[in-house]
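The values are calculated or read from the model by the stated rules, or taken from the named source; none is laboratory data. All values derive from a computational prediction rather than experimental measurement. Ideal geometry is used to build each Cβ from the backbone, glycine not excepted, and the neighbour counts take in all protein chains shown.
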Amino acid sequence: SVISTWSIERSALDAPLTLQSAGVSAAPSPDSTAMYADPHLQERGFYALIDDMDGQKRGLPGLPWRWLYGERLDVSAAPGLGADTDSVLADVLGLSDEQITTLRESGALT
């Protein structure tokens, strides 16, 4: 409770500066909005723009490291809900195309 009382009286920028002046390693912990607005992260290509299910561009955080020669792994959107239903029904459950069609026509699959 002592730390809570001390920290609530200080801003997110003032608290680390006060701690640092006392020899304690400290830094602010920004939220995702502040991180996305950080020009340094933008310049380094940390965020990948992907198309979401609504066709809008979204910035997704990338990996915090690079491979040799500065390569980054591609970041992509996750599949949409139900996008892999047919392959799961066929490959995992062993259903035929006819069985999947019957399920879809019955309203069991949306």
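Things to note:
- All positions within segment 1-36 that are of a type in the set (Phe, Trp, Tyr) and either in the same structural domain as residue 60 (by TED's automatic domain parsing) or in contact with a strand residue (DSSP E or B) (Cβ under 6 Å, 6 or more places away or on another chain) (or both): 36
- Test: residue 95 is farther than 30 Å from residue 11 by Cβ, hydrophobic (A, V, I, L, M, F, W, C) and more than 21 Å from the chain's Cα centre (by Cα): yes
- Residue 90 being surrounded by 11 or more Cβ atoms within 10 Å (Cβ to Cβ) and modelled with pLDDT of 90 or more: yes
- Criterion: out of contact with any His (no Cβ under 8 Å at 6 or more places or on another chain) and within 30 Å of residue 83 (Cβ to Cβ) - qualifying residue of 5, 33, 18: 33
- Residue match in segment 77-96 (condition: within 30 Å of residue 36 (Cβ to Cβ) and touching a strand residue (DSSP E or B) at 6+ places or on another chain (Cβ under 9 Å)): yes
- Test: residue in segment 3-13 that is surrounded by 10 or more Cβ atoms within 10 Å (Cβ to Cβ), under 21 Å from the mean Cα position of the chain (by Cα) and charged (D, E, K, R): no
- Taking segment 55-86 as the range and being charged (D, E, K, R), surrounded by 12 or more Cβ atoms within 10 Å (Cβ to Cβ) and under 22 Å from residue 43 (Cβ atoms) as the test, the residues that pass are 58, 66, 72.
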